[in-house]
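**Student:** My structure is below; once you've seen it, I'll send some questions.
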Amino acid sequence: MTSNTVTKAVIPAAGLGTRFLPATKATPKEMLPVVDTPAIQLVVEEAASAGLTDVLMVTGRNKRPLEDHFDRAAELEVLLEAKGDVARLDLVRRSTDLASVHYVRQGEPRGLGHAVLCAAAHVGDQPFAVLLGDDLIDERDPLLKQMIDIRHSRGGSVIALMEVPADQIHLYGCAAVAPIAGEHSDIVQVLDLVEKPPAAEAPSNLAIIGRYVLDPAVFGVLERTEPGRGGEIQLTDALQVLASSPDAGGVTGVIFRGRRYDTGDRLSYLQAVVQLAAQREDLGPDFTKWLKSFVATL
Ligand code: UTP
């Protein structure tokens, strides 16, 4: 019997990260630092805050830095302990203590849908979360927890949507939605999904962002999903099938209006780092002061 409890998080990190070459030649893009913390650690912290401490990373050929980051660093810990540098010791240990992290290899980067399918054996017959390191959600806006609650109350799969300007919708998966009687207007029924539509063909301005709570029925659908856009097995295509399958519980969308930082391409990554650095208690005041004087010289 399918359990309704969400306990596992899947983090796909096997993409080639071509938009960040050469940084991603030997390192997964999920390891790129956001100020001083790899994006993937922030994502694992988010999963853990939502109560998901069993994390499966889907890795590619450069999995070593990921494994090392979530493993103990004995030499470094001994050195910091000897120095009595407790603050840095805590920083080094934090990523190890966050969650129980498991790994599965994707083999070939055949698309996000294929990466999720690689999680089937680990996840089994229960709903699970998928978090992409391209999107960082501010810890003050607990989106994932809300999505898990919606899965518990409505069943099926839950995706996160965000309003984007019309000239940007071609960068995202896009959802056609309808209101649900009795629900808040930000919780909607997903009727149809299109991956990266031209603005003129987009059914809405609602873009899919990188948080999902999926029914295990997605695995059977992914097995039958042919390569789509870009020759890749697209998660959006499988979700579109689920959206029209009442048997699998359909797909509910949550329109997220909180703080999201996009790190998927170079420009948005730079913007995210600046925003997050400016908000930091330790670095923010000095950084902002410098930033203002720098901007004045432009
Ligand atoms: P992206 O399309 O943003 O990642 O996939 P990418 O392919 O690495 O990036 P570019 O376009 O070449 O720069 C979204 C997420 O899905 C993962 C990526 O690691 C990223 O977290 N992914 C993508 C996989 O795990 N496997 C794949 O085959 C494709």
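The values are calculated or read from the model by the stated rules, or taken from the named source; none is laboratory data. Since the model is a prediction, treat every value here as computed from it, not as a measurement. Every residue, glycine among them, receives a Cβ derived from its backbone with ideal geometry; neighbour counts consider all protein chains shown. The accessibility values were calculated without ligands, DNA or RNA, using every heavy atom of the protein model including side chains. Shrake-Rupley method; radii C 1.70, N 1.55, O 1.52, S 1.80 Å.
**Student:** Out of all the residues in the range 240-254, which are open to solvent by 20 Å² or more (accessible area, probe 1.4 Å) and either free of Cβ contacts under 8 Å to residues at least 24 places away in the same chain or farther than 21 Å from ALA115 by Cβ (or both)?
**Tutor:** Of everything in the range 240-254, those that are open to solvent by 20 Å² or more (accessible area, probe 1.4 Å) and either free of Cβ contacts under 8 Å to residues at least 24 places away in the same chain or farther than 21 Å from ALA115 by Cβ (or both) turn out to be VAL241, SER244, SER245, PRO246, ASP247, GLY249.
**Student:** Name the one entry in GLU195, GLU226, GLU201 that is closer than 24 Å to ASP247 by Cα and out of contact with any Gly (no Cβ under 6 Å at 6 or more places or on another chain).
**Tutor:** Going through GLU195, GLU226, GLU201 in turn, just one is closer than 24 Å to ASP247 by Cα and out of contact with any Gly (no Cβ under 6 Å at 6 or more places or on another chain): GLU226.
**Student:** Of the conditions (1) closer than 20 Å to TYR261 by Cα; (2) within 13 Å of the ligand (Cβ to nearest atom); (3) under 15 Å from the mean Cα position of the chain (by Cα), ALA14 satisfies every one except a single condition; which number is it?
**Tutor:** (1)
**Student:** Right, next: Please state which one of HIS102, HIS114 is assigned to a strand (DSSP E or B), touching a residue at least 40 places away in the same chain (Cβ under 8 Å) and either more than 18 Å from the chain's Cα centre (by Cα) or over 26 Å from TYR261 (Cβ atoms) (or both).
**Tutor:** On the way: HIS114 fails: assigned to a strand (DSSP E or B).
Criteria check complete, one pass: HIS102.
**Student:** When the range 188-223 is examined, which residues are found to be part of a strand (DSSP E or B), open to solvent by 20 Å² or more (accessible area, probe 1.4 Å) and not charged (D, E, K, R)?
**Tutor:** Going through the range 188-223, the residues part of a strand (DSSP E or B) turn out to be 188-195, 206-214.
So of that shortlist, the ones also open to solvent by 20 Å² or more (accessible area, probe 1.4 Å) come out as 189, 191-192, 194-195.
Those that are part of a strand (DSSP E or B), open to solvent by 20 Å² or more (accessible area, probe 1.4 Å) and not charged (D, E, K, R): GLN189, LEU191, VAL194.
**Student:** Inspect all residues belonging to the range 176-190 and state whether any of them is closer than 26 Å to PHE20 by Cα and touching a residue at least 40 places away in the same chain (Cβ under 8 Å).
**Tutor:** Checked the range 176-190: no residue is closer than 26 Å to PHE20 by Cα and touching a residue at least 40 places away in the same chain (Cβ under 8 Å).
**Student:** Something else about it: Scan the range 34-63 residue by residue and report those that are more than 11 Å from the ligand (Cβ to nearest atom), touching a residue at least 60 places away in the same chain (Cβ under 8 Å) and either open to solvent by 30 Å² or more (accessible area, probe 1.4 Å) or within 21 Å of ALA277 (Cβ to Cβ) (or both).
**Tutor:** Within the range 34-63, VAL34, VAL35, LEU42, GLU45, GLU46, SER49, GLY51 meet the criteria.
**Student:** Here are some residues: GLY84, GLY156, GLY111, GLY124. Which one is within 16 Å of the ligand (Cβ to nearest atom) and small (Gly, Ala, Ser)?
**Tutor:** Criteria check complete, one pass: GLY111.
**Student:** Just to check your reading of the model, which residue among LEU242, LEU276 is in contact with a strand residue (DSSP E or B) (Cβ under 9 Å, 6 or more places away or on another chain) and over 25 Å from ARG19 (Cβ atoms)?
**Tutor:** Values: LEU276 fails: over 25 Å from ARG19 (Cβ atoms).
Selected residue: LEU242, the only one of LEU242, LEU276 that is in contact with a strand residue (DSSP E or B) (Cβ under 9 Å, 6 or more places away or on another chain) and over 25 Å from ARG19 (Cβ atoms).
**Student:** Further question on the same structure: Can we say VAL130 is within 16 Å of the ligand (Cβ to nearest atom) and touching a Lys or Arg at 6+ places or on another chain (Cβ under 8 Å)?
**Tutor:** On the way: within 16 Å of the ligand (Cβ to nearest atom): yes; touching a Lys or Arg at 6+ places or on another chain (Cβ under 8 Å): yes.
Answer is yes for this residue.
**Student:** Separate question: Kindly evaluate ASP237 against the criterion of being open to solvent by 20 Å² or more (accessible area, probe 1.4 Å) and within 14 Å of the ligand (Cβ to nearest atom).
**Tutor:** Details: open to solvent by 20 Å² or more (accessible area, probe 1.4 Å): yes; within 14 Å of the ligand (Cβ to nearest atom): yes.
It is true that ASP237 is open to solvent by 20 Å² or more (accessible area, probe 1.4 Å) and within 14 Å of the ligand (Cβ to nearest atom).
**Student:** Of the numbered conditions (1) small (Gly, Ala, Ser); (2) modelled with pLDDT under 95; (3) within 16 Å of the ligand (Cβ to nearest atom), SER95 fails exactly one; give the number of that condition.
**Tutor:** Tallying (1) small (Gly, Ala, Ser); (2) modelled with pLDDT under 95; (3) within 16 Å of the ligand (Cβ to nearest atom), SER95 fails exactly one: (3).
**Student:** From the list GLY264, GLY258, exactly one residue is assigned to a loop (DSSP other than H, G, I, E, B), open to solvent by less than 90 Å² (accessible area, probe 1.4 Å) and modelled with pLDDT of 95 or more. Which is it?
**Tutor:** Sole residue among the options that is assigned to a loop (DSSP other than H, G, I, E, B), open to solvent by less than 90 Å² (accessible area, probe 1.4 Å) and modelled with pLDDT of 95 or more: GLY258.
**Student:** Pick from the range 19-31 the residues that are over 14 Å from ARG61 (Cα atoms) and within 11 Å of the ligand (Cβ to nearest atom): which of them is surrounded by the most Cβ atoms within 10 Å (Cβ to Cβ)? Can you show your working first?
**Tutor:** Let us first name the residues in the range 19-31 that are over 14 Å from ARG61 (Cα atoms), namely 19-23.
Subset that is within 11 Å of the ligand (Cβ to nearest atom): 19-21, 23.
Numbers: ARG19: 14, PHE20: 18, LEU21: 10, ALA23: 13.
Per the stated criteria, the residue is PHE20.
**Student:** Can you tell me which of GLU226, GLU281, GLU232 is buried (at least 16 other Cβ atoms within 10 Å of the Cβ) and of a type in the set (Asp, Glu)? So that I can check it myself, show each step before the final result.
**Tutor:** Numbers: GLU226 fails: buried (at least 16 other Cβ atoms within 10 Å of the Cβ); GLU281 fails: buried (at least 16 other Cβ atoms within 10 Å of the Cβ).
Exactly one residue qualifies, and that residue is GLU232.
**Student:** Still on this model: For HIS184, state whether it is out of contact with any Ser or Thr (no Cβ under 7 Å at 6 or more places or on another chain), open to solvent by 20 Å² or more (accessible area, probe 1.4 Å), assigned to a helix (DSSP H, G or I) and not polar (S, T, N, Q).
**Tutor:** On the way: out of contact with any Ser or Thr (no Cβ under 7 Å at 6 or more places or on another chain): yes; open to solvent by 20 Å² or more (accessible area, probe 1.4 Å): yes; assigned to a helix (DSSP H, G or I): no; not polar (S, T, N, Q): yes.
Taking the combined requirement at face value, the residue does not satisfy it.
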